[in-house]
1. Please work out the Cα center distance from region 74-129 to region 261-302, rounded to the nearest Å.
2. Taking the Cα atoms of region 105-170, report the difference between the largest and smallest coordinate on each principal axis, in whole Å and largest first.
3. Taking only the alpha-carbon positions of the chain and ignoring solvent, what does the Debye formula give for the base-10 log of I(q)/I(0) at q = 0.15 Å⁻¹?
4. Take the chain, mark every one of the trypsin sites (Lys or Arg not before Pro) that falls in a DSSP loop and has at most 10 other Cβ within 10 Å, then report the longest stretch left between them, sites excluded.
5. What list of ³J(HN,Hα) values in whole Hz, one per residue of region 207-216 in order, does the Karplus curve 6.51 cos²θ - 1.76 cosθ + 1.60 (θ = phi - 60°) give from phi, with Gly and Pro shown as x?
6. Any idea what Rg and Dmax come out to for region 37-140 if you just take the C-alpha atoms, in Å?
7. Quick check for me: using +1 on Lys/Arg Cβ and -1 on Asp/Glu Cβ, what's the dipole size of the chain about its Cα centre, in debye to the nearest 20?
8. Treating only the Cβ atoms of Lys and Arg (+1) and Asp and Glu (-1) as charged, compute the dipole magnitude of region 89-237 about its Cα centre; round to the nearest 20 debye.
Amino acid sequence: MTDSHPLNNLLREMILAVAMIAFLVLGLWAHTGTMPPLVVVESSSMIHEENGEVGSIDAGDLILVMDTPYDNIVTFAEASAKDNNYFGYETHGMAGDVIIYQKNGDAGTPIIHRAILRVEPSQTTSPDRSAGENANNSEHCPNGGTWDSAVGDVDGEMGTCVLTWSVPGTNVTDSETVTIKFDGYSAGYYDCQRFAHANVEPYLVVWNWQPKHSGIVTLGDNNQCSVDQGGLVVNGSSGVHSSSGVAGPVREAWLVGVAGGEIPWLGTVKLMLSGPSSPGTQYVPSSSFLFLALVIGGIIFAPVGLEAIIKKIMQESPEMYQAKLETDYSSEE
């Protein structure tokens with residue numbers, strides 16, 4: 001029997017709505033392994049088309065945050081190298097994984113950009129363990145090398161002095177500096193989508209870079225080869241900044257997750273309601289508002305249409321016809 005008291009009915013509906021949302025969030029958490037399981041894209045740094053497209057990452061999209069192990073991240077360099085096991089691997093419209101990370105591990109809005117290359121230690125030497133935590137590079141590594149506190153040493157402790165570097169998916173192996181031309185020959189081709197002129201190539205170039213530590217170099221698909229790690233990695237790059245400076249190569253501890261499935265348009269609602277610290281909807285493609293309106297309209301009117309269709313099917317079913325005949329027969333008696 002239905003409770004006729006309006007307050008009880010309202011309370012029941014509210015509990016049902018909260019329960020449905022809770023089940024949805026828990027289901028997404030179980031699927032992604034992260035909490036929160038979704039992020040809203042705020043900028044246009046990953047767009048492939050000005051008017052937006054499903055399959056690439058646009059402002060206003062919701063992106064699932066997958067709990068993928070750091071070592072399993074596939075970079076553009078690996079996915080575009082013909083002799084690599086990951087050749088041909090693509091996500092969100094281009095080769096390689098898209099990752100979500102905190103700049104330098106600092107608090108703030110995470111960055112969601114593509115993993116371009118991974119720089120790894122090749123030869124290392126043990127540091128001076130008597131050096132303090134705030135010691136400079138030469139104090140940690142009196143025999144040369146670059147101090148990397150996040151890499152284990154042969155002595156079993158964390159922190160080592162890196163002498164040479166390697167970049168999987170490229171010809172950089174056991175090198176003191178990193179130079180890579182993503183021209184389709186030395187490495188896979190990365191199109192900067194910019195006008196090429198003197199000293200500015202149409203493809204991505206990492207030139208004579210001395211990494212400060214190991215990690216992943218990242219780049220927005222729409223950023224015309226201006227990598228997040230700044231001009232020391234790729235000439236002319238502005239980089240992304242946190243309270244501690246330009247972002248360094250992404251370490252495992254800074255990783256929030258790997259971008260999974262895309263739920264287009266729905267994040268626009270959140271951007272509409274965001275405060276002054278958010279860019280709001282200024283980067284959302286105009287087409288997203290139309291599709292969002294269609295989705296909301298569909299959610300509102302679909303039950304009405306579905307009810308009418310079901311009612312029509314029921315009325316035309318043999319059972320309903322037989323029931324009508326029996327009712328008419330009973331009325332005649």
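1. 30 Å
2. The Cα atoms of region 105-170 stretch 38, 32, 21 Å along the principal axes, largest first.
3. Here the Debye-derived log intensity ratios amount to -1.29.
4. On the way: sites that count: Lys82, Arg129.
Within the chain, the longest run free of exposed trypsin sites (Lys or Arg not before Pro) spans 130-333.
5. These are the phi-based 3J(HN,Hα) values: 10, 6, 8, 9, x, 7, 6, 6, x, 10 Hz.
6. 18.0, 57
7. Using only the charged Cβ atoms, the result is roughly 660 debye.
8. Values: 7 positive and 18 negative charges, 85 e Å.
Result for region 89-237 is approximately 420 debye, rounded to the nearest 20.
Just so you know, all these numbers are worked out from the coordinates, no wet-lab data involved. Predicted model, so just to flag it, every value in this text is computed and none were measured. All Cβ positions, glycine included, derive from the backbone under ideal geometry; neighbour counts span all protein chains shown.
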